[in-house]
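Colleague: For reference, the structure I am asking about is given below.
The values are calculated or read from the model by the stated rules, or taken from the named source; none is laboratory data. Given the structure is predicted, the values throughout are model-derived calculations rather than measurements. Cβ coordinates were reconstructed from backbone atoms using ideal geometry, including for glycine residues, and neighbour counts include every protein chain displayed. Side chains included, ligands, DNA and RNA excluded: accessible areas come from the protein's heavy atoms. Shrake-Rupley method; radii C 1.70, N 1.55, O 1.52, S 1.80 Å.
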Amino acid sequence: MKKGALAAEGSLFDNWFDAIEDGVRSRVREFIETMLEEELAQTLARPRYGRRKDGRDEPSGVEGVRHGHRERTLTGTFGQTRIAVPRARLTSEDGETREWKSASLRAYQRRTKAADALIASAYLSGTNTRRVRRALAAVFAGPVGKDVVSRTWRKVKGDWEAWSKSSLAEEPIIRLILDGTVVRVRLDKKATSISLLVALGVRADGQKVLLAVKNMGGESEAAWRALLDDLVARGLRTPELVIADGAPGLEKALSALWPNVPLQRCTVHKHRNLLAHAPDRLHEELSNDYKDMIYAETKDEVEVRRKAFLRKWRLKCRAVADSLEEAGEKLFTFTRFPKTQWKSIRTSNAIERLHEEFKRRIKTQTVLPCAETAAMLFWALLASGQITMRKVDGWETLAQKPTDQTIDLAA
């Protein structure tokens with residue numbers, strides 16, 4: 001762009017006035033008031049200043065009389081505006097009267113749902129109350145009070161509590177994916193590490209859905225059992241498959257609750273575990289051998305490469321071979337399912353990606369205010385649509401049952 005043209009256009013921050021924005025916002029009041037007047041007219045079956053006719057061909061509507069307007073301030077993504085809300089008294093069949101209530105504008109509503117969602121989304125993006133107020137002041141064409149942000153967040157908290165207790169009886173969950181992550185929160189005025197235990201479900205149509213998020217002191221058997229018992233109490237049916245990270249406490253809790261449900265150990269977590277048993281200079285070679293085994297094309301190839309892996313690493317680094325054998329057939333449960341599903345079954349990556357996105361959003365806060373806030377934030381990022389989940393790979397073949405034949409563990 002030429003220098004003269006840039007000077008004529010001016011800097012973005014020189015003048016915040018925008019003719020388009022200003023023109024749109026000036027018409028908002030007229031639009032809202034017209035919409036409310038039309039809503040009341042439909043209720044009374046006659047326009048403003050019109051008289052109802054009692055003829056059979058005329059809709060009688062609801063008995064009632066208008067009685068003026070009341071002023072209300074409404075804040076939306078269009079900014080703040082004062083509107084005149086029509087009033088009317090409606091008469092029921094038994095002769096009692098009641099005040100007309102608009103379905104579009106709730107009683108005592110001061111902000112649109114879109115405005116509340118915008119405030120909550122800004123907070124969920126990892127910023128704090130003060131920054132939310134500053135960032136949205138220009139959008140709303142006026143100051144955003146601290147109490148407004150706080151009230152909006154309390155509404156989010158209420159929704160979170162309702163979701164945490166919602167029934168799962170009608171959810172067609174056929175698989176569970178379980179994993180935990182560590183976050184820093186403030187407890188008793190000190191920064192403390194806690195575990196967030198997360199449960200994802202896979203519906204019969206392949207869609208992933210968040211089922212539970214609990215803050216716990218760790219990933220012990222008791223902690224995981226508390227989460228699983230809560231899912232069962234909410235009506236969750238016994239799943240056909242569980243995918244887990246291999247934490248000992250989780251496996252014990254699963255075997256106690258659902259001893260006959262197949263379990264898939266996450267192959268990515270096991271890979272990290274194997275690397276921890278080998279010196280750095282062997283990591284590349286170990287990774288190549290492991291991936292050749294896990295990502296083999298057929299079940300028979302998996303068996304052959306597993307045997308070769310154990311023979312080689314028993315001689316090279318015994319601890320690596322022992323660690324692989326410890327996982328047993330649970331590391332290869334995916335081979336019992338159709339090949340199209342192997343990618344989605346082999347790992348708990350669906351939750352891992354959520355963990356990564358969650359931590360990216362909260363990194364500016366360093367330490368979260370409390371343990372409950374951590375779990376609520378995790379849920380809210382999904383509920384608000386800031387994080388979305390797609391169907392699992394191979395969802396078209398989910399109706400096919402797994403085979404009973406497990407992998408040959410002979411080495």
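Colleague: Ranked from the most accessible area to the least, with a 1.4 Å probe and all protein chains present, what is the order of Ser164, Ser255, Ser195? Please list the in-between numbers first.
Modeller: Working: Ser164 35, Ser255 70, Ser195 10 Å².
Highest to lowest solvent-accessible surface, that is Ser255, Ser164, Ser195.
Colleague: A follow-up question, please. For the stretch 165-233, with every protein chain kept in place, what is the accessible area per residue (1.4 Å probe, Å²)?
Modeller: Numbers: 2950 Å² over 69 residues.
Counting only protein heavy atoms, the per-residue value for the stretch 165-233 is 43 Å².
Colleague: If you don't mind, there's one more thing I want to ask. Compute, for Phe334, the solvent-accessible surface of its heavy atoms (probe 1.4 Å) with the complete set of protein chains present, and express it in square angstrom to the nearest 10.
Modeller: 0
Colleague: Any idea of Thr238's accessible area? Nearest 10 Å², probe 1.4 Å.
Modeller: Here the residue's solvent-accessible area equals roughly 90 Å².
Colleague: Report, in whole Å, the centroid distance computed from the Cα atoms of the stretch 61-104 and the stretch 303-344.
Modeller: So the two Cα centres are separated by 69 Å.
Colleague: Heavy atoms only, 1.4 Å probe, whole protein assembly: order Tyr290, Tyr295 by accessible area, highest first.
Modeller: Values: Tyr290 5, Tyr295 110 Å².
Descending accessible area places them as Tyr295, Tyr290.
Colleague: At a 1.4 Å probe radius, which order do Thr373, Thr298 fall into by accessible area, largest first? All intermediate terms of the calculation are to be shown ahead of the outcome.
Modeller: Working: Thr373 15, Thr298 60 Å².
Reading off the accessible areas and sorting them downward yields Thr298, Thr373.
Colleague: How many nm is it between the label spots at Leu315 and Ser255, if each spot is 7 Å from the Cα in line with the beta carbon?
Modeller: That separation, rounded to one decimal, is 3.3 nm.
Colleague: Test of the criteria: in the stretch 332-411, which trypsin sites (Lys or Arg not before Pro) are in a DSSP loop and have at most 14 other Cβ atoms within 10 angstrom of their Cβ?
Modeller: Values: sites: Arg336, Lys339, Lys343, Arg346, Arg353, Lys359, Arg360, Arg361, Lys363, Arg390, Lys391; in loops: Lys363, Arg390.
Sparse-neighbourhood loop trypsin sites (Lys or Arg not before Pro): Lys363, Arg390.
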